[in-house]
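Read the figures in this text as sums done on the coordinates, not as results from a lab. Please read all numbers here as calculations on a predicted model, not as lab measurements. Neighbour counts run over all protein chains shown; Cβ positions are idealised from the backbone, glycine included.
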Amino acid sequence: MPDELLDRVRATGLLPAGADVVVLLSGGRDSVCLLDVAVELGCSARALHVNYGLRAEADDDDAHCRALCERLGVALAVHRASRPQDAPGNLQAWARDVRYAAASEMAAGELVAVGHTASDQAETVLYRLAASPGRRALLGMQPRSGHLVRPLLTVTREETGAWCRARGLAWRDDATNASDAFARGRVRHGLLAALEAVDPRAAANVVRTAELLREEADVLDVVVDAALAGRDRVSLLYLADLPPALARLIVRRLAEAATGGLCGRVSGRLEEILALRDDGALDVGDGARAVVSGGVLRFEATPPLERRSP
């Protein structure tokens, strides 16, 4: 089992021998497995543990990570964070932003590896499908996003546990993972469990579907490239003659190119965009504005609201 898992991760090419890599280490089974695999594959690995101080066991997690890194001969950096009372978003989003920011600073352009597994992938796809419509919800997490790599996306949570047991590596269990307080827990213990009661292959089938859709998304990107032919705007008449699915992809591409961010809501505004007259404009959400001039559609960033003086 350990050799087979190692070969599978090696085949991804995401942890090449000799590569400098910062591994995000929580102390859980997945991150413990990832760090050990990175060392076994000959990476020049360092570890980062973020201590949020949110749980009574936080310092014990910290100590566990220190002992593990000492055993593996890996340098460890510990980042302590405290959430400001006025921090935007939910707790999990804040914690994610903190650890990614700390990892990016520590890596300074090197690889940052996180221990997301195939089990996490299945939960992510199901959560996004429930929370937001559209094709992108089904694509799941990318194996690589810039310097961020996810080498364990072909490995299940059960397999990372088996790796750790075979290698004599202990891990820490976060009790919040077994709770339904967060949406992720409800997906894991409720939705995914119900699907696996229908077919034990449910999680694997969800992950495989995401893989296939990512491959097909590459083809769709080529189609959009051909339709735009390098332009950053498009004739409304041309857009109206296209199949609606392609037209939606085009307006989303143009909106995201103009704003530099994701514009998931623009696809649902296609009919309104096509109804715009000359010199018309429409704020489509996500910071994007559709503008028509001379029958040609372009997008721009939505101007900030002006504050009126009292």
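Observations on the model:
- Per residue, the chain reaches -14500 deg cm²/dmol at 222 nm when only DSSP H runs of four or more residues are counted, each adding -39500 (n - 2.57).
- Charge dipole (debye, nearest 20) of the stretch 97-174; +1 at Cβ of Lys and Arg, -1 at Cβ of Asp and Glu: 220 debye
- Of the peptides 30-36, 77-83, the ranking by mean beta-carbon count within 10 Å, highest at the top, reads 30-36, 77-83.
- Cα-based shape type of the stretch 16-89, given that a ≥ b ≥ c are square roots of the gyration tensor eigenvalues and the cut on a/c is 1.5: prolate
- Between the alpha-carbon centres of the stretch 72-122 and the stretch 158-220 there is a gap of 20 Å.
- Check: the chain dipole with +1 on Lys, Arg Cβ and -1 on Asp, Glu Cβ, in debye: 420 debye
- Annotation for Val291 and Glu70: the two label points, set 7 Å from Cα along the Cα-Cβ direction, are 6.2 nm apart.
- Normalised contact order of the chain, rounded percent, pairs of Cα under 8 Å and 6 or more residues apart: 14 percent
- With a cut-off of 13 Å between beta carbons, the residues surrounding Asp120 carry a summed charge of +3, where Lys and Arg count +1 and Asp and Glu -1.
- For the pair Glu272 and Ala101 in one chain, pulling the backbone fully straight at 0.36 nm per residue adds 57.7 nm over the alpha carbon distance.
- Panel values: the stretch 1-160, Kirkwood radius from alpha carbon pairs, Stokes-Einstein at 4 °C and 1.567 mPa s, translational diffusion coefficient 79 µm²/s.
- Each listed q (0.13, 0.23, 0.24 Å⁻¹) maps to a log10 I(q)/I(0) for the stretch 123-208, found by the Debye formula over equal Cα scatterers with no solvent: -0.54, -1.36, -1.37.
- Amide H contacts of Val23 (H built 1.01 Å from N, under 5 Å, at least 5 apart or other chain): Arg46, Ala47, Leu48, Ala113
- Gained length - Ala245 relative to Asp279, 0.36 nm times residue gap less alpha-carbon distance: 9.7 nm
- Shape category assigned to the stretch 79-181 from the gyration tensor of Cα positions, a/c cut at 1.5: rounded
- From largest to smallest, the equivalent ellipsoid semi-axes obtained for the stretch 207-310 from the alpha-carbon gyration tensor read 26, 18, 11 Å.
- Rh (Kirkwood; distinct C-alpha pairs) - the chain, Å: 22.0 Å
- From phi via Karplus (6.51, -1.76, 1.60), per-residue ³J(HN,Hα) for the stretch 14-20 in Hz, x at Gly/Pro: 7, 10, x, 4, x, 6, 6
- In order along the stretch 253-270, phi translates into HN-Hα couplings of 4, 5, 5, 6, 5, 6, 9, x, x, 6, 10, x, 7, 5, 4, x, 9, 4 Hz, rounded to whole numbers, per the Karplus curve 6.51 cos²θ - 1.76 cosθ + 1.60 with θ = phi - 60° and x for Gly and Pro.
- FRET efficiency for Thr209 and Asp174, using Cβ-Cβ distance with R0 set to 35 Å, rounded to 0.05: 0.80
- Amide H contacts of Ala288: Thr302, each under 5 Å away and 5 or more positions distant or on a separate chain (H built 1.01 Å from N in the peptide plane; Pro and chain starts excluded).
- Cα gyration tensor shape for the stretch 191-259, rounded if a/c is under 1.5, else prolate or oblate: prolate
- Projecting the Cα atoms of Leu191, Thr156, Leu239 onto the charge dipole of the stretch 93-248, computed from C-beta unit charges around the Cα centre, puts Leu191 farthest toward the positive end.
- Peptides 193-202, 90-99 ranked from most to least packed give 90-99, 193-202, packing being the mean of other C-beta atoms within 10 angstrom over each peptide's residues.
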